[in-house]
Amino acid sequence: MIRTERLDLHAVLPGEYAILAVDRGDSRLWIDRGFSNPHGHLVDVPGPLVHRIPRILADPDAAPYLLRMAVARSEGIIIGSAGFHDLPDASGMIEIGLGIVPEWQGQGLATELLAGMWGWVVRQPGVRILRYTVAPDNLPSQAIIAKFGGEHRGQQIDEEEGPEDIYEITAEDFALRDIRRRSVGWGRAQWSVE
């Protein structure tokens with residue numbers, strides 16, 4: 001588990017993917033993990049599950065990378081999720097996607113979630129480049145990547161989302177900036193792995 005100031009980021013386990021493949025609203029989900037999903041995150045709209053379920057079947061060991069449920073520690077409820085599209089590619093690039101349920105947006109949680117995920121992944125073997133893609137008109141997400149100093153690398157067309165701006169930051173630059181942020185009290189970026 002990855003812990004940030006307000007969030008616990010729980011990896012979705014291979015057995016949970018098997019349940020999600022059949023019924024994303026199954027009442028057995030999360031019951032033994034100590035949290036619940038009252039907002040129905042990823043139930044009505046599967047989001048990344050369409051891509052992650054076949055991926056986990058091919059390689060269950062990829063679970064820590066593919067999807068983590070963001071749990072508000074004080075309430076014990078899922079308020080969003082984040083995950084990498086896959087393991088790092090041959091160049092060491094790894095791309096992230098994330099989302100916060102509408103009821104919890106506007107509180108800096110997406111920034112905290114991103115910092116926690118990137119803080120964990122830069123310590124994993126083979127990770128050299130962190131990629132973040134976002135629709136050009138998604139101003140809140142554009143503001144998030146600006147906080148991290150992501151460098152604009154162009155644009156791509158996503159089959160489902162349409163045009164996306166591509167931002168990248170090296171793992172080394174992220175680690176250095178994270179150390180500086182923590183030393184000046186940018187507390188919500190703090191993270192730990194348990």
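The values are calculated or read from the model by the stated rules, or taken from the named source; none is laboratory data. Fair warning: this is a prediction, and the values are worked out from it, not measured in the lab. Neighbour counts are summed over all protein chains in view; Cβ atoms, including those assigned to glycine, are modelled from backbone coordinates with ideal geometry.
Testing H51 on (1) over 19 Å from I2 (Cβ atoms); (2) surrounded by fewer than 16 Cβ atoms within 10 Å (Cβ to Cβ); (3) not charged (D, E, K, R), one condition comes back false. Which one is that?
That leaves (2) as the condition not met.
Suppose we filter A72, A62 for residues that are surrounded by fewer than 19 Cβ atoms within 10 Å (Cβ to Cβ), over 22 Å from I19 (Cα atoms), among the aliphatic types (A, V, I, L, M) and at pLDDT 95 or above; which single one remains?
Numbers: A62 fails: over 22 Å from I19 (Cα atoms).
Selected residue: A72, the only one of A72, A62 that is surrounded by fewer than 19 Cβ atoms within 10 Å (Cβ to Cβ), over 22 Å from I19 (Cα atoms), among the aliphatic types (A, V, I, L, M) and at pLDDT 95 or above.
Within region 110-121, can one find any residue that is within 22 Å of D173 (Cβ to Cβ), out of contact with any helix residue (DSSP H, G or I) (no Cβ under 7 Å at 6 or more places or on another chain) and of a type in the set (F, W, Y)?
Filtering region 110-121 down to residues within 22 Å of D173 (Cβ to Cβ) leaves 110-121.
Next, from what is left, pick out any that are out of contact with any helix residue (DSSP H, G or I) (no Cβ under 7 Å at 6 or more places or on another chain): 113, 116-117, 120-121.
Checking which are of a type in the set (F, W, Y) leaves us with 120.
Checked against the condition, which is being within 22 Å of D173 (Cβ to Cβ), out of contact with any helix residue (DSSP H, G or I) (no Cβ under 7 Å at 6 or more places or on another chain) and of a type in the set (F, W, Y), region 110-121 yields at least one hit.
Quick test of your reading of the structure: G83 fulfils all but one of (1) in contact with a Gly (Cβ under 8 Å, 6 or more places away or on another chain); (2) surrounded by fewer than 22 Cβ atoms within 10 Å (Cβ to Cβ). Name the failing condition by number.
Among (1) in contact with a Gly (Cβ under 8 Å, 6 or more places away or on another chain); (2) surrounded by fewer than 22 Cβ atoms within 10 Å (Cβ to Cβ), G83 violates only (2).
Which pairs have Cβ atoms under 6 Å, sit 6 or more apart or on different chains, and link a residue in region 1-25 that is touching a residue at least 12 places away in the same chain (Cβ under 8 Å) and among the basic types (K, R) to one that is surrounded by fewer than 18 Cβ atoms within 10 Å (Cβ to Cβ) and part of a strand (DSSP E or B)?
R3/S192
Is it true that L29 is in a loop (DSSP other than H, G, I, E, B) and in contact with a Phe, Trp or Tyr (Cβ under 7 Å, 6 or more places away or on another chain)? Quick ask: steps written out before the conclusion?
Details: in a loop (DSSP other than H, G, I, E, B): yes; in contact with a Phe, Trp or Tyr (Cβ under 7 Å, 6 or more places away or on another chain): no.
Criteria not met by L29.
With respect to E95, is the statement that it is among the charged types (D, E, K, R), in a helix (DSSP H, G or I) and under 21 Å from I169 (Cβ atoms) true?
Here the answer is no, as E95 does not meet what is asked.
Sort out for me the helices (runs of 4 or more DSSP H) sitting completely within region 109-194 that have 2 or more residues that are more than 14 Å from I94 (Cβ to Cβ) and at pLDDT below 90.
Working: elements: 109-121, 139-148, 171-183.
Answer list for region 109-194: 171-183.
Between a residue in region 139-157 that is free of Cβ contacts under 8 Å to residues at least 12 places away in the same chain and exposed (fewer than 13 other Cβ atoms within 10 Å of the Cβ) and any residue that is outside any helix (DSSP H, G or I) and not polar (S, T, N, Q), which pairs come within a Cβ distance under 7 Å, given they are 6 or more apart or on different chains?
Sorted first by the residue in region 139-157, then by its partner, the pairs are I157/P163.
Could you please tell me which pairs satisfy a Cβ distance under 7 Å, a separation of 6+ or placement on different chains, a first residue in region 78-99 that is farther than 17 Å from I2 by Cβ, and a second residue that is crowded, with 20+ Cβ neighbours inside 10 Å and of a type in the set (A, V, I, L, M)?
Within 7 Å, the pairs are P88/I94; P88/V127; G92/V127.
Take I129 and tell me if it is surrounded by 13 or more Cβ atoms within 10 Å (Cβ to Cβ) and of a type in the set (V, I, T).
Numbers: surrounded by 13 or more Cβ atoms within 10 Å (Cβ to Cβ): yes; of a type in the set (V, I, T): yes.
Spelling it out, I129 is indeed surrounded by 13 or more Cβ atoms within 10 Å (Cβ to Cβ) and of a type in the set (V, I, T).
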